[in-house]
Amino acid sequence: MSERRILIIEDEDHIAEGLRLNLALQGYDVAVAADGLAGIAQWREWGPDLVVLDIMLPGIDGLSVLQTIRQEDQRLPILILSARGAPEDKIKGLSFGVDDYMAKPFNLEELLLRVDRLLTRTSWREADRPSPVAATPGIYVFGANRVDFETGVAVCQQGRVRLTAQELKLLHLFINYTNKPLSRSRLLEIGWGYSKGMSTRTVDNFIVRFRKYFEKNPKKPVFFKSVRSVGYMFAGAGKWENREFER
């Protein structure tokens, strides 16, 4: 499986670079965004496993970034790292859905431990839920695309791509329901365990990524099709193979 991805949304270069270096030394895959809008774009594009978020950012502030993420993803671990460390600031962040809050200046060792703890708890929650990916290990081939569900690696239009655990889970769900339209609410209910009627664009964002990865022309999708007034349908007509990718 791929390395854990951490997105740092921080406009102070020396802090961002220090965090990037130290988290990378811990074995994490790290990306940095220097403002709120870039952070939201990177989150949607990259699909991190955890976000380290400053509050005072250019463009839109960190609390607005937090609210945007929480409208679409209630589970992603988010740690605020901010110079605003008064109790009322922490209470406001917690009320907006942040998982942890640290004030600057901060102790690096403590931050690394908090990051590890947040990701460990996420792993526990994922392990407690049955995973359709684990049920059918091997390689799935559709069109010119090959997805190895054991390694998390796909060979596709974008070249060689390492998929996140949630991308693999949703893709496997689509494969299980090949040629059957699925509503967004149904996809959320099965794929994330969300309650029916929850309004979110989470599924739409994953479909955008899948089309970028797997479609020859993302604007004219062949595999991940929109079904008007319903949701989406996977028309892969692929097959499973048991051999591993050549390394």
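The values are calculated or read from the model by the stated rules, or taken from the named source; none is laboratory data. Worth saying up front: this structure is predicted, and the values here are computed from it rather than measured. Cβ sites come from the backbone with ideal geometry, for glycine too, and all protein chains shown count toward neighbours.
Only one entry of G27, G36, G47, G18 meets the criterion of being touching a Gly at 6+ places or on another chain (Cβ under 8 Å) and of a type in the set (G, A, S), and that entry is G36.
Screening region 196-246 for strands (runs of 3 or more DSSP E) wholly inside it with 1 or more residues that are more than 25 Å from P48 (Cβ to Cβ), in contact with a Pro (Cβ under 9 Å, 6 or more places away or on another chain) and modelled with pLDDT of 90 or more returns the ranges 224-227, 231-234. Exactly one residue among L76, L50 is in contact (Cβ under 8 Å) with a residue 60 or more places away in the chain, under 21 Å from L163 (Cβ atoms) and crowded, with 17+ Cβ neighbours inside 10 Å, and that residue is L50.
When you scan region 49-71, do you find a residue that is in contact with a Ser or Thr (Cβ under 6 Å, 6 or more places away or on another chain) and modelled with pLDDT under 90, even just one? Checking region 49-71: not a single residue is in contact with a Ser or Thr (Cβ under 6 Å, 6 or more places away or on another chain) and modelled with pLDDT under 90.
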